[in-house]
């Protein structure tokens, strides 16, 4: 009969003594991720009643402001892989939030449009998200908020040197 091997578990770290996090706090990625986690938690809480993920909301918001955008345009803008995007669009379609129409200038492409229900949901959730963002950024002045947005955009928007536009 085999004997069970006894393993010792390391002691739990003491919560009384804070850890030195200076090495992590000196990293842009760590700070961006921590901010993203905090804002993401608020987002998920506020969007739970609507059944929307961040990607769902982003697609609805883009289609509200860019009717007829193609899947290719949306994938490129949101940095979503096409196979993942197919299931996202299918779910929004099943909910009656989007519809496909022939693209007016490209006979091979299909434009995506919000349905009336999609427009209503996009408008309502955009207000909720803007309110949430204002709350999350409440510790920042208006100028600091714009600076943070521009600096973060430098990491992912091509050719963005922090100038205007967005």
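Bear in mind these aren't lab numbers, they're just calculated from the coordinates by the rules spelled out. Since this is a predicted model, take the numbers as computed values, not measurements. Here the Cβ positions follow ideal geometry from the backbone for every residue, glycine too, while neighbour counts run over all protein chains shown.
As a footprinting exposure proxy, order 21, 77 by other Cβ within 10 Å, with the fewest listed first. Could you put the intermediate results ahead of the total?
Details: 21 10, 77 13.
Ascending number of Cβ neighbours within 10 Å: 21, 77.
Order these by the 10 Å Cβ neighbour count, fewest first: 37, 98. All intermediate terms of the calculation are to be shown ahead of the outcome.
Details: 37 9, 98 20.
Ordered by Cβ neighbours within 10 Å, fewest first: 37, 98.
Of 74, 151, 92, which has the largest mean-square fluctuation in a 10 Å C-alpha GNM of the chain?
151
Could you tell me how many degrees, from 0 to 90 and to the nearest 10, lie between the Cα long axis of helix 82-94 and the main elongation axis, the longest principal axis, of the Cα atoms of the chain?
Relative to the chain, helix 82-94 is tipped by roughly 70 degrees.
Would you look at the GNM of the chain, springs on alpha carbons closer than 10 Å, and say which of 141, 36, 71 moves the most?
141
List, largest first, the extents of the alpha carbons of the range 75-117 along their principal axes, each in whole Å.
Over the range 75-117, Cα extents along the principal axes are 25, 25, 14 Å.
In degrees from 0 to 90, rounded to the nearest 10, what is the angle of the helix 28-47 Cα long axis to the longest principal axis of the chain?
60 degrees
Using only helices, what value at 222 nm comes out for the chain when you add -39,500 (n - 2.57) per DSSP H run of length 4 or more and divide by the total residues, to the nearest 500 deg cm²/dmol? Intermediate values should be presented prior to the final figure.
Values: 7 runs with 90 residues, N = 166.
Helix-only estimate at 222 nm: -17000 deg cm²/dmol.
Counting other beta carbons within 10 Å of each residue's own, what order do 42, 132 fall into, fewest first? Display every interim value, and only then the final one.
On the way: 42 14, 132 17.
Exposure proxy ranking, most exposed first: 42, 132.
Report the FRET efficiency, 1/(1 + (r/R0)^6), for residue 109 and residue 23, where r is their Cβ-Cβ distance and R0 is 45 Å, rounded to 0.05. Display every interim value, and only then the final one.
Values: r = 48 Å, r/R0 = 1.07.
In this case the efficiency is close to 0.40.
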